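Comments concern the structure below.
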Amino acid sequence: MTETHPPREVALIDDDDDLRAATTQLLSLEGFSVRAFADAASALAVIGADYPGVVITDVRMPGMSGIELFGVLHARDPELPVMLITGHGDVQMAVEAIKAGAWDFLTKPFDPEALLAATTRAAKARGLILENRQLRAAADAESGDALIGATPAIVRLRGLIPVLADAALDIVIEGELGTGKEHFARLVHRAGRRARHRFLKIDCATVTPALIERELFVRNGVVARADRGTLFLHNLEWASDDFQNRLVRLAETRAVALDARDPDPVDIRIIAAVQEGERERVLPALFHLLAGVPLRMPPLAERGADIPLLFAHFLTRAAREHGRAVPPMADHAYRLGEQSWAGNVLELEKTAERICLGLDEGGAVSDMGLAPLPARLDAFERAAIIDAVTAADGEIAVAIERLQLPRKTFYYRVKRLGIDLRALRRQAGS
């Protein structure tokens, strides 16, 4: 997975000219690009819903206050990190803003190192949020039947779909388990004139001699039902020699009931899937008859840059199908690069569905040994807070007391870890 580079932009709003200049210099020396404003109205004209950075605002300002500014920005984008700079008399107001979704607050005079640390954390979080949005937008832009990915091999295969759709050529697709061979075959079928007719799948590993003799190649039999459509031969390498020889005759004659006086012609496109490395199990005559276009579906190990896009697509689709909110992708980002994904796209899809249904906690815990230390600590903190709120039957004050955390720290961690307190309280009350 490609590394996320956090945004380095800061919108700073403070009516104190000297403090605004000093804070701008502090942040700039740390590498942030700072846009400074003397009032909230000027900042609002610039900060949109997809602002790629962090907002730092004083609370007490003439005209619109920092709390009011936060309210407007939060309505535009609830995930925009807004940090508040307060005087001692405004702490309770800032705490209430934290509960409402503000990122953090610092009291004057603030420690410069504390400001830099908080801004850096907020910028990193903002980077993950924006990356997540981009991935979901890209996944949504693809149709549900699309071949998703941006790596060169996938771009090439996607470009071949309209070319192959109505071509009078059979296809052999080689690839590892779970790479999407059948999915590609269906895309080719649906893209052309054969889409109005049947896509008939035969799993060659389950075909018995009786099925060959009595049902597959007889008049009005199984193969004949694919007339004008597509015959998809799954696991061709597991077909018996007798079955493969019958397929050779079918590929040569495009007819069934060959032993009858008048064989029945069938207009079929044959697409066969072969496990990578098992080509030698297929009769050479059959392979070369069917491989009018030989293709290969690459494993995820060769298309690592596509993993976040696929994961976002599967999470979004699973959430839609099960009527659930889309889980924060950032919570599971560490697994995308660390896991081997031996089951390829199929394994990634099933993992996303389990996460969406809340059934992947055991897997997440068992994989924690592979995760960076911050990810392991976040997972521990998140589980501890959820357990405390659940054990307290949704009473937040009781949970805070049991965790022995300052209230501000509790809400800060809830926000940073993406915990939905409202959902937890509903579950506890049900």
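Every number here is computed from the coordinates shown, using simple stated rules; none is lab data. Because the structure is a prediction, the values reported are computed rather than measured.
HN-Hα J couplings of the range 22-28 from phi, Karplus 6.51/-1.76/1.60, θ = phi - 60°, integer Hz, Gly and Pro as x?
These are the phi-based 3J(HN,Hα) values: 5, 5, 4, 5, 4, 5, 5 Hz.
Treating the angle as unsigned and between 0 and 90°, give the value, to the nearest 10°, between the Cα long axis of helix 241-253 and the longest Cα principal axis of the chain.
Between the helix axis and the principal axis of the chain, the angle is about 80 degrees.
Tell me the angle of helix 152-164 to the major Cα principal axis of the chain, expressed in degrees between 0 and 90 and rounded to the nearest ten.
Taking the Cα atoms of the chain, the angle to 152-164 is about 50 degrees.
Return the long-range amide H neighbours of residue 37 (sequence gap of 5 or more, or a different chain), with a cut-off of under 5 Å between placed amide H atoms.
Counting only residues 5 or more places away or on other chains, the set is 12, 13, 14.
By a straight-distance test (C-alpha under 18 Å), which lysines pair with residue 201 as possible cross-link partners, with residues fewer than eight away in the same chain excluded?
Within the straight-line cut-off, residue 201 pairs with 181.
Suppose only helical runs count, i.e. DSSP H with n ≥ 4. What mean residue ellipticity at 222 nm does that imply for the chain under -39500 (n - 2.57) per run, divided by all residues and rounded to the nearest 500 deg cm²/dmol?
On the way: 17 runs with 200 residues, N = 430.
That calculation yields -14500 deg cm²/dmol at 222 nm.
First check a/c for the chain, with a ≥ b ≥ c the square roots of the eigenvalues of its C-alpha gyration tensor; if it is under 1.5, answer rounded, and if not, answer prolate when a/b is larger than b/c or oblate otherwise. Numbers along the way, then the final one.
Numbers: a/c = 3.37, a/b = 2.62, b/c = 1.29.
Prolate shape, in that a/c is at least 1.5 and a/b is the bigger ratio.
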